[in-house]
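Q: First the structure, which I've put down as structure tokens, then a few questions once you've had a look.
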Amino acid sequence: MIRVGISGAPGRMGRLAQSALGHCDDLAVSDLYAPRHGGEPLEAGVCSSDPESLRGCEVILELSHPDTAPANVSRWKSFGSHVVIGASGYDRSRIFALREEWVGSRQRCLVVPNFSVGAVLMARFAEMSAPFFPAAEIVELHHAQKRDAPSGTALDTATRMSRAAGRKTDISPLDRGRELKEGALGATVDGVPIHSVRMPGLLAHQEVMLGKEGEYLTIRHDTTDRVAFASGIVLAVRSVAGLAEPVTVGLEGILGI
């Protein structure tokens, strides 16, 4: 039985994780943590506002705010726990710092930009397509309460596409015109423009458009219910301890794609 702690337990993803992991015979959600939520009853137990409550957990699922996640992850590492990061905000620089921090560690850290298997496949297809098109842009759409932009999935997709296509960092491959209003052409991440939409009625969606003379390719994924993340959460928690490297990004390797 793997003892699992959840940081950010009262949030939407934290509550989903409690439900998903609670149905697994080999996993036990033993401890829940979130500042300012001490004593709050949740599905898997009572939440604690003391991070020490997660000491002793074999795996800690980090689902807190992007601003607080790095400090939390460092703390969980000091506890001797394996860590699955589901928090957003892990761009190239943050992942580089994470790898530096975990080098030589016997524990394992898995950064998951998106727990949806469909979203992982979407990003992989975009990565495979990138070398064949001189231009590509990403449009990511999320609910109005999402705390960061671009999304972690969009950042990860852009990095993978750029690396596959051999593009230089932060250099758009084509002249895309002049912005009359700053931001109109999106934010360029690793050479790939990203446009973020935040709107009520949406959940999590991403479209990758790749173009060349005479044709364009669109790859799109839509999440209509958070239940889509459940199987990825379970897979990540079960697999993190067996990863080969101290830090791994994405579920691709675990899924074999």
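We did not get these values from a lab; they are worked out from the coordinates using the rules stated. Just so you know, these numbers come straight off a predicted model, no measurement behind them. All Cβ positions, even for glycine, are placed from backbone atoms using ideal geometry, and neighbour counts span all protein chains on display.
Q: Can you tell me the Rg and the Dmax, both Å, for the Cα atoms in the chain?
A: 18.7, 60
Q: Which value in deg cm²/dmol, rounded to the nearest 500, describes the helix-derived mean residue ellipticity at 222 nm for the chain, given -39,500 (n - 2.57) per DSSP H run of n ≥ 4 and division by the residue count? Could you put the intermediate results ahead of the total?
A: Working: 7 runs with 73 residues, N = 257.
Value at 222 nm, helices only, nearest 500: -8500 deg cm²/dmol.
Q: Sticking with this structure for a sec: For the range 59-149, what is the Kirkwood hydrodynamic radius in Å, using each pair of distinct C-alpha atoms?
A: Details: mean 1/r = 0.0666 Å⁻¹.
It works out to 15.0 Å.
Q: Given the chain, what count of lysine pairs have C-alpha atoms under 28 Å apart, with each pair 8 or more places apart or on different chains?
A: 5
Q: Here is a follow-up. Give the share of C-alpha pairs in each 10 angstrom bin for the range 82-200, from 0 to the last occupied bin, in whole percents, shortest bins first.
A: Result returned by the calculation: 12, 40, 35, 11, 2, 0.
Q: Using only the Cα atoms, work out Rg/Rh for the range 1-80, with Rh taken as the Kirkwood radius, to two decimals. Mind showing how you got there, number by number?
A: Values: Rg = 11.4 Å, Rh = 12.3 Å.
Here the Rg-to-Rh quotient is 0.93.
Q: Using the Kirkwood radius over Cα pairs, work out the Stokes-Einstein diffusion coefficient for the range 17-56 at 25 °C and 0.890 mPa s, in µm²/s as a whole number.
A: Rounded, D is 232 µm²/s.
Q: Right, next: Between SER78 and GLU245, what FRET efficiency follows from the Cβ-Cβ distance if R0 is 30 Å, with the result rounded to 0.05?
A: E between SER78 and GLU245, to the nearest 0.05, is 0.95.
Q: Which one of SER78, ALA165, MET1 has its Cα pushed farthest toward the positive end of the charge dipole of the chain, where Lys and Arg give +1 and Asp and Glu give -1 at the Cβ?
A: Highest projection toward the positive end goes to SER78.
Q: If the elastic network links every pair of Cα atoms under 10 Å, which of LYS212, LYS181, LYS77 fluctuates the most in the Gaussian network model of the chain?
A: For the chain, modelled as a Gaussian network with Cα springs under 10 Å, the answer is LYS181.
Q: If I build a Gaussian network model for the chain, linking alpha-carbon pairs within less than 10 angstrom, which residue out of SER48, SER81, SER105 has the largest mean-square fluctuation?
A: Of SER48, SER81, SER105, the Gaussian network model singles out SER105 as fluctuating most.
Q: Now, a different point. Relative contact order, percent, of the range 27-143 when contacts are C-alpha pairs under 8 Å separated by at least 6 residues? Provide the component values of the computation, followed by the final result.
A: Values: 127 pairs, mean separation 18.8, N = 117.
16 percent.
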